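FYI, it's all coordinate maths here, none of it is from the lab. Quick caveat, the model's predicted, so the values are computed rather than measured. Because the Cβ atoms are built from the backbone with ideal geometry, glycine has one as well, and the counts that use them run over all protein chains shown.
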Amino acid sequence: MAIEQVSRDLRRPKVLEAPADQLSFNTVYGRQYINVQVPHYTGMVAGHTIKACLASGRHTFRTETLTVAKPSPQNLIIPILEVVDAIDSVTSVSYSVRPGAGAPVIYSEILDLLVTEQPFDLPKPRLSNDRRNVTVKFLSMVPGYTVRVRWHGVVVRDTESLPIQNDSSMSFSIPEQWRSENKGREVPINYSLHRSGSDDNLMFSRLLRVTF
């Protein structure tokens, strides 16, 4: 097994939206991504390639590779959907550097980023064995809220919003087109919760990731 080489010259990154290493999702609500800033580390030169990584107990996401053009702090982006999946958890944010072609990858120190909780704990939905229905169930389901499923495929699609009637699970039908147009692709699926008649922000569930 290969051993990762961690360099103390590669100081931990920053998440620009979380100056105190704590991120409230409401502060980035409606955004498309957050910014991971790689510091101007010792020995940075043009041509180095870097990647950032956000890892929780639920999923690990790695950014695309960025080539350093000029030694300076470098920004890489994490899609907001990965932040949604990390709500109410501590994530590890780091980056890696490859100094040149064929050179070993060097890993940075880790930033422990807390993504704070929402008023409701919303676990990921379930997909039926025939992949025709998504089921939503969470603790403290009470009337006065609506639920909608979002399908993050080649086209982002939403089901209709349904009101919570009681504490039973809710089922949402998935059209055949949604499944067929994503053949061979991984589709993240989650749902949102909204307090009826309010201007409150939506609350979001964790992600179910399914390959079709």
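Some points to look at:
- Hits among lysines - C-alpha to C-alpha of K14 under 23 Å, sequence gap 8 or more where chains match: K51, K70
- Directionally averaged projected area (segment 45-99, Cα convex hull): 3.9 nm².
- Under 5 Å, built H, 5+ apart or other chain: amide partners of I174: N133, V134
- Proximal charge balance of T65 [Cβ under 13 Å; K/R count +1, D/E count -1]: +2
- In this simple spin-label approximation, D167 and K70 carry label points 7 Å from Cα along the Cα→Cβ vector, and these lie 6.1 nm apart.
- Summing Cβ point charges (Lys, Arg +1; Asp, Glu -1) relative to the Cα centre of segment 140-202 gives a dipole of roughly 200 debye.
- Relative to the Cα centre, the charge distribution of the chain, modelled as +1 at Lys and Arg Cβ and -1 at Asp and Glu Cβ, gives a dipole magnitude of about 540 debye.
- Highest to lowest packing among 49-55, 23-29, scored as the average C-beta count within 10 Å: 49-55, 23-29
- In this simple spin-label approximation, D158 and L16 carry label points 7 Å from Cα along the Cα→Cβ vector, and these lie 2.8 nm apart.
- Computed from backbone phi, the HN-Hα couplings of segment 86-92 come to 9, 4, 6, 7, 9, 10, 9 Hz, rounded to whole numbers (Karplus: 6.51 cos²θ - 1.76 cosθ + 1.60, θ = phi - 60°; Gly and Pro given as x).
- Cα-based reach from K137 at 22 Å (exclusive), listing lysines while leaving out same-chain residues under 8 positions away: K124
- The C-alpha radius of gyration of the chain, expressed as a fraction of 2.2 N^0.38 Å, stands at 1.18.
- Lys/Arg +1, Asp/Glu -1 at C-beta; segment 5-115 dipole; positive extreme among Y29, L114, T67: T67
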